[in-house]
Structures are given as C-alpha cells and as structure tokens.
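> Below is a structure I'd like to ask you about.
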Amino acid sequence: MHRDDHAAFFLLMILLASPVRAGEGPLLTRSEAVGQLFRLNPPLQNPELLPAGRIDFAASRTYANLWARDKRYVVDGEIVDDQARFAIGLGANLQAAFGFSSRRFVQADTDQIAISFHDLFRIGQDGRLQTGKHHTRFVIPDYNLQYNRDNLDRTFSEQATFDLSYAFLTAARHGWDLTATVLAAYEMASFSPYSAGSVDRGLILSALYPSSIFRYFANLRQLFFDKRKDVRVGTRSENRGFALGLIYPLPETQELIFQFMNNQPVFRDLGQLSRNSYEWQLGYRYRFEAVTLEAAVIENIFWLYNSPDWGFSLGLHAPVN
C-alpha cells in the first residue's frame, strides 16, 4: 500500500462503518519486533466470536521506530504496518475471517522523540547520537540483505490471510470464552527477502474471562514457516509466543486496554535479533456514533531485545451488516 492508497484505505474504513457495540477484545495490533516483520505475524485474536450471519470489519495503522546494531547488522528506520480484516459469523460456534496486511519503510521523522524519551529516563542511546537522524537502514551483510532510503514506501511484506475459529467454551454458557483458531498467510510482496508465494500457517488458542471489574484475555500461538521456498535470511522453521492483557471499562462507551506480548525470535544466529521480544501496548477505545475507535502506544520492556523502540497505532471496528 503506497501513499496514493492511504486516503482510500481510511475512506474505506469510514464508509463501511455502522453502529457497533463496545468491547471488541484485544487491540488490532501485532508484534512490531524486528524479527517478526517478514513472516506470518497475526494480531491478537478475540476469543468472542460473532453470531451467525454477522460480518464485522476492522482496520488499523501502526507506526514503529526501530533501532538495533551489532557487528552483524544495522537496523535504523521507521515502518508503517497496515491491517484490514473481515470476520464472518458462521454459527455452530464457528467464525471465518479474511485479512490483508502490508508493511513498508517510511520517513516519519520520529528519531528525536525516541532520543528525548531515552534522555528523560536516563536510558543509553546505544550509538544513536553518533549517527544522523531519520535514516533508513536495514543491513545484514551475511545474507546480502540491505534496505535504505531508496526503498522507502516499497512494501517488503504484503500478506493475504485466512483463519477459521471454533469456540469450545462461550461466556453465555460457561462464563468465559475459549477459542481455537487455525490460520494461513500467503506472501505477495515481490520485494520481500523471502520468496513471494510462501505460505505460513499457525494455530492460536485464545481465552477471555470477565470479572466484576476487568476482562482478562490471553493468546497462545504456534506458527509454522514455509521452508519450501529459498530464503535470503536464516530463519527458524517455527515460532511460539503468548500474550496477556486486560480491559478496564471507563464511563459510557470507553475502555482502557493493556496487553503484553512475548514472542520467540524468527532469525537465527543474529545476536539481539535472535532473542525473544518483549512488548507492551496501552490502548484507549471509544465508541463514537457509527464506529469504535482505538489508539495505542507501543514500547519495549527489555531495551533492544529484538523489540521496537516505540510506536503508536490507530484503529477502528465496525459491523458491515
């Protein structure tokens, strides 16, 4: 998705909007860790499935600032991550969903924000002050991988996804939701370091438990990467991760959402980029007439550990019918 498509992307979201209930579950965000950028990396799944015949639309845009360096690589840049998703209630505790996602490097000029944040909390800059601001560099010499300013706005990951969910338990009958989801992603970007046409698969177990104050949710995932295609970057064949979160209701139709994500690395033998990522996200959700809007900030927990320096996300949810 390029600049000319941005207005159309958000116009589509608005045109599809109609009255919606509050409480869409987790934020429509996913890991922005460096090692998760190029392969299947699904957003957190909502354990509450749609009733039969209902169709919902959701979309989000996330900006993330990335910084990491080692003798084996340099990562310095900003990305935009777009997601759109249609979910369809099938009845008999089943739900299908079709999605599209796109990731690319952009020039958002957020380096000074990251530097100021580190100064405020007396966090080391790890060489940021010794290099120019607003660069775009993703260089792994061992794999002959290099992105730079010439590659701005070129999509390096563009995936079509399909998932099918089944609810083993529902809040209406059992007091909490427990859902299993199988999913697959087809890579379409010719500029991806992995061959276009690869098909990654996954399984996600999700749960949601409502208490008197909070609603607690969790995701446990297992991903399998397509190894039939030749790749330029050393990658593990599987990836595991989990997420925990809670939703706190505010007056009227507002909510606060906190979620923590921990994921295994995708890259092999690349120092910090081969460590688990630890990310937290804090979001605010508000129902405004026809749409439910959400905004979130993203931060890492352990500095540099294969995690985004910082980021923010905007999204919405709306039923189609």
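The values are calculated or read from the model by the stated rules, or taken from the named source; none is laboratory data. Here the structure is a predicted model, which means the values were calculated and not measured. For neighbour counting, all protein chains shown are included, and Cβ atoms are generated from backbone atoms with ideal geometry for every residue, glycine included. Side chains included, ligands, DNA and RNA excluded: accessible areas come from the protein's heavy atoms. Shrake-Rupley method; radii C 1.70, N 1.55, O 1.52, S 1.80 Å.
> Using a basic spin-label model with each label point 7 Å from the Cα along Cα→Cβ, how many nm lie between Thr253 and Phe168?
A separation of 3.4 nm, rounded to one decimal place.
> Could you give the accessible area per residue of the stretch 202-321, probe 1.4 Å, as a whole number in Å²?
Numbers: 5600 Å² over 120 residues.
I get 47 Å² per residue for this part.
> Oh, and also: How large, in percent, is the carbon and sulfur part of the accessible surface of the stretch 218-321 at a probe radius of 1.4 Å? Intermediate values should be presented prior to the final figure.
Numbers: 2880 of 4750 Å².
Looking at the stretch 218-321 in its full context, I get 61 percent from C and S.
> Roughly speaking, what is the stretch gain from Ala96 to Val199, that is 0.36 nm per residue apart minus the C-alpha to C-alpha distance, in nm to one decimal?
Working: separation 103, 0.36 × 103 = 37.08 nm, distance 1.82 nm.
Gain in length upon complete extension: 35.3 nm.
> From Cα pairs below 8 angstrom and at least 6 apart in sequence, can you work out the relative contact order of the stretch 165-321, rounded to a whole percent?
Numbers: 366 pairs, mean separation 19.9, N = 157.
Averaging sequence separation for qualifying contacts and normalising by length gives 13 percent for the stretch 165-321.
> Say R0 is 30 Å: what FRET efficiency, to the nearest 0.05, do Leu145 and Tyr209 get from their beta-carbon distance? Could the numbers behind the result be given before it?
Values: r = 43 Å, r/R0 = 1.42.
Efficiency for this residue pair is about 0.10.
> Before I look further, what does the stretch 32-72 give for accessible area per residue, probe 1.4 Å, in whole square angstrom? Could you put the intermediate results ahead of the total?
Values: 1160 Å² over 41 residues.
Here the residues of the stretch 32-72 average 28 Å² of exposed surface.
> Can you give the accessible area of Trp67 in Å² (nearest 10), computed on protein heavy atoms with a 1.4 Å probe?
Answer for Trp67: close to 20 Å² accessible.
> If each of Trp280 and Asp153 carries a label point 7 Å out from its Cα toward its Cβ, how far apart are those two points in nm?
Modelled inter-label distance: 3.7 nm.
> Multiply the residue separation of Ala160 and Asp70 by 0.36 nm, subtract the distance between their alpha-carbon atoms, and state the gained length in nm to one decimal.
29.1 nm
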